[in-house]
1. When you scan segment B:6-44, how many residues do you find that are within 14 Å of B:Thr73 (Cβ to Cβ) and within 16 Å of ligand 2 (Cβ to nearest atom)?
2. So which of A:Ala69, A:Ala15 ends up being away from chain B (no Cβ under 14 Å), touching a Pro at 6+ places or on another chain (Cβ under 6 Å) and in contact (Cβ under 8 Å) with a residue 40 or more places away in the chain?
3. So, restricting to helices (runs of 4 or more DSSP H) that lie completely within segment A:52-139, which ones have at least 2 residues that are within 16 Å of ligand 2 (Cβ to nearest atom) and among the aliphatic types (A, V, I, L, M)?
4. Looking only at residues that are open to solvent by 10 Å² or more (accessible area, probe 1.4 Å) and of a type in the set (Gly, Ala, Ser) in segment B:15-33, which one is farthest from A:Thr52 (Cα to Cα)?
5. Considering only helices (runs of 4 or more DSSP H) fully contained in segment B:48-153, which possess at least 3 residues that are over 22 Å from A:Thr32 (Cβ atoms) and more than 16 Å from ligand 3 (Cβ to nearest atom)?
6. Go through segment B:1-35 and give me each residue that's within 14 Å of the chain's Cα centre (by Cα) and either at pLDDT below 95 or away from every other protein chain (no Cβ under 14 Å) (or both).
7. Quick one: how many residues across segment A:188-242 are out of contact with any Lys or Arg (no Cβ under 7 Å at 6 or more places or on another chain) and assigned to a helix (DSSP H, G or I)?
Amino acid sequence: MAKREYLKPTTLHEAVEILAAAPGRRIVAGGTDLMVYIREGKEAPAALVDVTAIPELNGVQKLGDGALAVGAAMTHSMIGSDPDIRAVAPVLSDASSSVGAVQIRNLATIGGNVVNGAVAADTLSALAVLDAAFLTFGPEGEKRYTIEEFFLAPGKTAVGVGEVLTKILIPAQPGASHAFIKVARRRAAAISRLAVSVIANPDGGYARIAVGAVLPKPGRITPAEEALKEGFDLAAAKAAGEAAKAHVLSISGERPSMVYKLPVVSSAVEKAVIKALSLREVK
Amino acid sequence: MFVEFTLNGEKVSAEISGETTALALLRENFDLIGAKEGCGVGECGACTILVDGVAVNGCLYLAGKLDGREVVTVEGVGGEDALDPLQKKFMEHGAVQCGYCTPGMLLSAKALLIRNPKPTLDEVKVAISGNLCRCTGYTPIVKAIMAATEEGK
Ligand SMILES: Cc1cc2nc3c(=O)[nH]c(=O)nc-3n(C[C@H](O)[C@H](O)[C@H](O)COP(=O)(O)OP(=O)(O)OC[C@H]3O[C@@H](n4cnc5c(N)ncnc54)[C@H](O)[C@@H]3O)c2cc1C
Ligand code: FES
Ligand code: FES
């Protein structure tokens, strides 16, 4: 293997300069996706630019309106144990806690998870129901993307070459209860076969439901949300599951793997909805 | 790139290139062969090392990240003359057969006990869920770790 440079900028401006200074330079955070691609020969960056020492990418900030700004270089372990994230976005705490095994969670970052953009990436359905937004910094300065603008296709996001994802913005979710469910073959190493994220707020009259791993892009399933809003009860939970299944079928089509996946979609969505409803604080 | 870090309590330094993994560096430059390469892609845990007290996969961990950090390999745990309670219990419970997974298992257990000296059975299972063992069927390993926690009481 050719000698590859390892560069570790400590400011955002330095990172953007380094990335632009020569072709083929590539951002690395935890390296748990990128190192596997390099090993498999799918990627051969000229240099690795480690962004984990940049202050803006670290820590969680509480914003004035109860929203959070989560640093892109936070590991899944940090996210899983952060009390502010647990308070505002337990669906994300649980999604991050479900990634890989301990060793992976201690190294892998949320920024890497979203920029890598795999359809099975576990935080994506959670970020979809949270209505998260993404802040980047690049040659053209700071940019902000909604989740729809951010994910373009499987493995493809709007983050351009030389652009650094700095923060994930999570709006406050007052009065909502959250649930995350993951279905995988082996918990520790397997990528998700299905992930479901639900946020329900019967008093506010809204519900947000998203599934991961069975759709090409993370996104909410409006028909399932509408079905749940009919009553926020067990019957509505079942209807939401059925609506999610119909939606997945209409997008992904009758592929052989769907014989297994479709019934799992409806039951996992129903289960996640019931879980979210049962977690509501009783007044 | 030049990195300086603490390795099993001693200050060390090395010249590395961008793709060097911590696993390769430890094995090839420092002759520490306790951490092993099983799968090379984060799935088996044979390469587990502790960095600043937390378990990571040495096969994915870039050596460039080691600068300024504290690394512990199995060679830094206990030793023949002063076995760590975990090592003692692994021996007593027959938790070692071929031994390939053992350094990683010990370090995953060690990382758990540093943070949580009295874990539950479930917490033990979660802590070693990233470590594959093809020999023991896990039961002796889990028992050994639980026994080591009782030792500390
Ligand atoms: C054994 C194993 C098990 C796994 N299990 C799971 C699982 O259960 N669920 C799951 O979702 N994933 C899983 N993964 C995949 C992976 O660990 C996650 O996607 C992880 O979050 C990636 O983060 P990273 O920091 O390691 O990314 P890296 O590999 O460092 O980067 C990934 C990509 O993102 C880019 N990038 C990283 N950070 C930034 C940034 N701040 N700005 C711009 N670009 C950036 C990199 O250039 C690269 O293209 C697993 C991987 C392994 C090896
Ligand atoms: S060799 Fe690192 S996890 Fe298998
Ligand atoms: S003892 Fe052989 S792999 Fe665990």
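The values are calculated or read from the model by the stated rules, or taken from the named source; none is laboratory data. Treat the numbers as computed from the prediction; the structure is a model and nothing was measured. Note: ideal-geometry Cβ built from the backbone for every residue, glycine included; neighbour counts use all protein chains shown. For accessibility, only protein heavy atoms count, side chains too; no ligands or nucleic acids. Shrake-Rupley method; radii C 1.70, N 1.55, O 1.52, S 1.80 Å.
1. 14
2. Of the residues listed, the single one that is away from chain B (no Cβ under 14 Å), touching a Pro at 6+ places or on another chain (Cβ under 6 Å) and in contact (Cβ under 8 Å) with a residue 40 or more places away in the chain is A:Ala15.
3. The helices (runs of 4 or more DSSP H) meeting that bar are A:102-105.
4. Filtering segment B:15-33 for residues that are open to solvent by 10 Å² or more (accessible area, probe 1.4 Å) and of a type in the set (Gly, Ala, Ser), the one farthest from A:Thr52 (Cα to Cα) comes out as B:Ala24.
5. The helices (runs of 4 or more DSSP H) meeting that bar are B:121-127, B:139-151.
6. Listed by number, the residues that qualify are B:Leu7, B:Asn8, B:Leu26, B:Arg27, B:Leu32, B:Ile33, B:Gly34.
7. Total satisfying the criteria: 16.
For (1) away from ligand 2 (no atom under 16 Å from the Cβ); (2) at pLDDT 95 or above; (3) within 14 Å of chain A (Cβ to nearest Cβ), each residue gets a yes or a no:
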{"residue": "B:Cys98", "(1), (2), (3)": "no, yes, no"}
{"residue": "B:Lys110", "(1), (2), (3)": "yes, yes, yes"}
{"residue": "B:Ala127", "(1), (2), (3)": "no, yes, yes"}
{"residue": "B:Gly130", "(1), (2), (3)": "no, yes, yes"}
{"residue": "B:Tyr138", "(1), (2), (3)": "yes, yes, yes"}
{"residue": "B:Val142", "(1), (2), (3)": "yes, yes, no"}
{"residue": "B:Ala147", "(1), (2), (3)": "yes, yes, no"}
